[in-house]
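Worksheet: one structure, shown below.
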Amino acid sequence: MDTIASALVPLFERAVFAHRGLSSQAPENTLEAFALAVDRGATWLETDVDILADGTPVIIHDSTLDRTTNRAGSFYPLTAADLEDIDAGSWYGKEFAGARLPRLSDFIDFLNERKVNANIEIKQNEQGAERTILLIDAVAKELERLDPERQIIISSFGQPLLMAFHQRHPQYAIGVLYETAALYDDWLAVLELCGATYIHPEDSGLTASKVKQFREAGFGVNVWTVDDVDRANQLFNWGCTGVFTNCSDQMMHLV
């Protein structure tokens, strides 16, 4: 497969992506979790981004605040000013009380300061196409502030979203996320239409023969979510280029 000549495509083997930071030891998708991951050796982070009412991209996995903050309900009506009143750490442990939901701009600053790279998953925004395009362009605008040596992969489960992102901002590397149940035989067409360099399949049910197919088609293979060291080593031996893990500190010796 031909890759786009202008794409800022990371080249790596055996990468360990700290999934939402070191989320086994700190509240996920907080600066505290990202810092702990980097302190323990991570050079690649994974995070999630969606958008607030005022157009601010925010780092959060769910479409509601309930699971990972002291607030409930959708964050879509909120603005950046509201983030100061949301505690994103106490749910995990009292020592993290006061941790905030980072803005994407905070995350970009962190990447530049700590000189690490990231996979940014754009969430499937539930408010329609107009807000999704706003999210796509807001993410791309923040990425302009990255130091040139920083490496970025843009991923999503939303294939139309990735197609739109690639069409509007073709310079960035794309990774298509797949649940095993949704990994149909048209995966090659989907990856090519999305302008992808990587496929990000679910670990469950993944086989050596499937990895071989992906690699022979010219794609990197980054697998989620792998918390067993032996399984991560097996995947690397099969030719996978990366694993997403909640315990990146335990995986760094595999790199």
What is the number of the single condition among (1) in contact (Cβ under 8 Å) with a residue 40 or more places away in the chain; (2) of a type in the set (D, E, K, R); (3) touching a helix residue (DSSP H, G or I) at 6+ places or on another chain (Cβ under 8 Å) that residue 168 does not meet?
-> (1)
All conditions in (1) outside any helix (DSSP H, G or I); (2) among the polar types (S, T, N, Q); (3) buried (at least 16 other Cβ atoms within 10 Å of the Cβ) are true of residue 127 except (3)
Please list, ordered by first then second residue, the pairs with beta carbon atoms under 6 Å, 6 or more apart or interchain, first in the stretch 172-189 and within 21 Å of residue 11 (Cα to Cα) and of a type outside the set (D, E, K, R), second in a helix (DSSP H, G or I) and modelled with pLDDT of 95 or more.
-> 174/162; 174/166; 176/191
For residue 96, are the conditions met, namely being open to solvent by less than 30 Å² (accessible area, probe 1.4 Å) and not small (Gly, Ala, Ser)?
-> no
Strands (runs of 3 or more DSSP E) contained in the stretch 14-95 and holding at least 1 residues among the acidic types (Asp, Glu) and either more than 26 Å from residue 114 (Cβ to Cβ) or touching a strand residue (DSSP E or B) at 6+ places or on another chain (Cβ under 7 Å) (or both) | 44-51
Restricted to the stretch 102-124, and to residues that are of a type in the set (A, V, I, L, M, F, W, C) and part of a helix (DSSP H, G or I), which residue is most open to solvent (accessible area, probe 1.4 Å)?
-> 110
Complete set of residues in the stretch 176-203 that are of a type in the set (Asp, Glu) and closer than 22 Å to residue 246 by Cβ = 179, 202, 203
If you go through the stretch 165-195, how many residues are closer than 27 Å to residue 110 by Cα and open to solvent by less than 40 Å² (accessible area, probe 1.4 Å)?
-> 9
Would you be able to tell me the number of residues in the stretch 162-193 that are of a type in the set (Gly, Ala, Ser) and farther than 16 Å from residue 214 by Cβ?
-> 2
May I ask you to list pairs of residues, at least six apart or on different chains, whose Cβ atoms are under 7 Å apart, with the first in the stretch 80-93 being surrounded by fewer than 17 Cβ atoms within 10 Å (Cβ to Cβ) and the second being part of a helix (DSSP H, G or I)?
-> 90/96
Just one of (1) in contact with a Ser or Thr (Cβ under 6 Å, 6 or more places away or on another chain); (2) over 24 Å from residue 225 (Cβ atoms); (3) open to solvent by 30 Å² or more (accessible area, probe 1.4 Å); (4) not basic (Lys, Arg) trips up residue 64, so point out which.
-> (2)
Do the conditions hold for residue 162, that is, is it crowded, with 16+ Cβ neighbours inside 10 Å, in a helix (DSSP H, G or I), at pLDDT 95 or above and touching a Ser or Thr at 6+ places or on another chain (Cβ under 9 Å)?
-> yes
Would you check if there is a residue in the stretch 119-131 being of a type outside the set (Phe, Trp, Tyr), in contact with a helix residue (DSSP H, G or I) (Cβ under 8 Å, 6 or more places away or on another chain) and farther than 25 Å from residue 191 by Cα?
-> no
Quick check: anything in the stretch 140-147 in contact with a Pro (Cβ under 9 Å, 6 or more places away or on another chain), on the phi < 0 side of the Ramachandran plot and part of a helix (DSSP H, G or I)?
-> yes
If the Cβ limit is 6 Å and pairs must be 6+ apart or interchain, which residue in the stretch 198-215 that is of a type outside the set (A, V, I, L, M, F, W, C) pairs with which residue that is outside any loop (DSSP other than H, G, I, E, B) and modelled with pLDDT under 95?
-> none
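The values are calculated or read from the model by the stated rules, or taken from the named source; none is laboratory data. Nothing here was measured: the structure is a model prediction, and the numbers come from that model. Every residue, glycine as well, gets a Cβ built from its backbone with ideal geometry; the counts of neighbours run over all protein chains shown. Heads up: the accessible areas ignore ligands, DNA and RNA and are worked out on the full protein's heavy atoms, side chains in. Shrake-Rupley method; radii C 1.70, N 1.55, O 1.52, S 1.80 Å.
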